[in-house]
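See structure below.
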Amino acid sequence: MHPDDSIYQRRYTVEEYFALEEQSDIRHEYYQGEIFPLDGFGPEAMAGATFTHNTLKQNCVMALRQGLRGSGCRVFDENVRLTIEDFFTYPDVLVTCHPADRAETRTVRHPVLIIEVLSGSTEGRDRGWKFQQYQRLLELQQYVLVSQNRVLVESFVRTGHGTWELTTLRQPDDVLLLIPFPLRLPLTAIYEDVDLPPLRLADA
C-alpha cells in the first residue's frame, strides 16, 4: 500500500512503526514517535530511486563484498534497518563487523561504515540532521556521501579526538580509502556504468 499523508499526523510506538513497515510499500524513518518517508517528500521522492542511484549503490555493495570476503564483516543495502536508540532508518549501504549484529535478522546496531547516495530530496538530511544522528554510533568510523549528479565523493572519518575529518574526491582516477578495514575503492568502480555530464567550471 501507499499510505496517505494522514499517517504522518500522529505518533507511533516502536511496535506500531514496525507493523507499518511490514505493510507499506515505501520505507520510513522513525524518530521519537514520528515517522517520515525515507526518500523525503515532493515529486522527486515520489518518483523513487533513479537508475543512477541504484547503480551507484550496487557498485559500492559489490566492491565491498568482494573486498571483505572472509573478513567476518557483513555488507548490507537499504533493505536492512539501522537503529540508534530512538531513531530507525535505512542507509543505502552499511558494513558491520560486530558479533552482536550477526544474531539479528533485520536490524543493525554497530556499523563501522555507512554510505549514502545523495538525491535532491534527501541531500540536506544526509549532510545535516542524519549525519548528526550517525555520529552517536560509537563504532562508526567512516561516513561517505556519493553524488549521483557528478563525480564527487565526500568521506568523513572519525579522528582520535572525536571530530570528523573530511576528504573530497572529484577525479575519476581518485581512490577512496575505506579506513575501517582497510580497503581502496577507486572512483571508477563506484561510478562504473554511470553516465554523467562533464564537470562544469561552475561546479568545481
Original post:
Among the residues of region 158-166, is any free of Cβ contacts under 8 Å to residues at least 12 places away in the same chain, part of a loop (DSSP other than H, G, I, E, B), assigned by TED's automatic domain parsing to the domain that holds residue 121 and β-branched (Val, Ile, Thr)?
Top reply: yes
**OP:** Identify, by number, the condition in (1) crowded, with 19+ Cβ neighbours inside 10 Å; (2) modelled with pLDDT under 95; (3) in contact with a Lys or Arg (Cβ under 9 Å, 6 or more places away or on another chain) that residue 33 doesn't meet.
**Re:** (1)
Original post:
Between a first residue in region 8-35 that is part of a loop (DSSP other than H, G, I, E, B) and a second residue that is of a type in the set (Val, Ile, Thr), which pairs have beta carbons less than 7 Å apart while being 6 or more apart in sequence or on different chains?
Top reply: 12/35
**OP:** Report those strands (runs of 3 or more DSSP E) wholly inside region 47-142 carrying at least 1 residues which are charged (D, E, K, R) and surrounded by fewer than 18 Cβ atoms within 10 Å (Cβ to Cβ).
**Re:** 74-77
Original post:
Somewhere in region 176-187, is a residue assigned to a helix (DSSP H, G or I), touching an Asp or Glu at 6+ places or on another chain (Cβ under 8 Å), surrounded by 14 or more Cβ atoms within 10 Å (Cβ to Cβ) and at pLDDT 95 or above?
Top reply: yes
Subject >> Looking only at region 4-30, and only at residues there that are polar (S, T, N, Q) and surrounded by 10 or more Cβ atoms within 10 Å (Cβ to Cβ), the one that is nearest to the chain's Cα centre (by Cα) >> reply: 24
**OP:** Working carefully through the options 128, 120, find the one that is touching a residue at least 12 places away in the same chain (Cβ under 8 Å) and among the small types (Gly, Ala, Ser).
**Re:** 120
Original post:
How many residues are more than 13 Å from the chain's Cα centre (by Cα) and aromatic (Phe, Trp, Tyr) if we restrict to region 85-128?
Top reply: 1
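The values are calculated or read from the model by the stated rules, or taken from the named source; none is laboratory data. None of these values were measured; they are calculated from a predicted model. Quick reminder, even Gly has a Cβ in these numbers, built from the backbone with ideal geometry, and neighbours come from all protein chains shown.
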